[in-house]
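Values quoted throughout were computed directly from the atomic coordinates according to the rules given, and no laboratory measurement underlies them. This one's a predicted model, so the numbers in the text were calculated from it and none came from an experiment. Please note: Cβ atoms are built from the backbone with ideal geometry, for glycine as well, and neighbour counts cover all protein chains shown.
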Amino acid sequence: MMPRIRGVLRVGIRGALRLLPAMAVVFSAGCSALRSSPPTEACVTLQAPERLNWFRGAAHTVHARVFALSATDAFNATDVEALSSEPPPFLPGVEGMPQSRSLHPETETTFRFKIGPQPITSFGVVAGYYKPLNPSKVSVPAREDKECAVLLMGESGFPAE
């Protein structure tokens, strides 16, 4: 009975040794896939100037809302008041929940979104400027690498590009 067990062990070890090269190829392929994995989040940084929301000779905070978008059509067709309302509107092409924050003069604020089944191609940004002289909403292309897109806020609305 003992020789039979040794024979099974010998064949098992030999079989395992034959599989080692194949296992090494699978393992190394898995490791290289991990190194070049696509980003799991997308982000946009809003840069506020010293004269943010400028009126009556002073800078003021601005309430901003950012939408992660897989398509911009519905965002572009919706007016600023509806985009700024509570609760945020449901729009086709919006991925996840919009994020809102107050922005202060001379600051940078980053908004981060998890990437779901649909890719985030751009960010829709709407800001509550007091008597804006420029547009109060804009869409910004998302970056395809792991860096954040950057948007410069204006004194009285988003700067014309």
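Candidates in region 127-161 are the residues that are surrounded by 15 or more Cβ atoms within 10 Å (Cβ to Cβ) and in a strand (DSSP E or B); of these, the one that is nearest to the chain's Cα centre (by Cα) is Ala149. In region 54-85, what count of residues is obtained for those that are free of Cβ contacts under 8 Å to residues at least 12 places away in the same chain, closer than 11 Å to Val126 by Cβ and of a type in the set (Gly, Ala, Ser)? The total comes to 2. Pick out the one residue from Pro105, Pro88, Pro119, Pro92 that is in a loop (DSSP other than H, G, I, E, B), under 15 Å from Cys43 (Cβ atoms) and free of Cβ contacts under 8 Å to residues at least 60 places away in the same chain. Criteria check complete, one pass: Pro119. From the list Ala64, Ala127, Ala74, the lone residue that is touching a Pro at 6+ places or on another chain (Cβ under 8 Å), under 28 Å from Thr40 (Cβ atoms) and not polar (S, T, N, Q) is Ala74.
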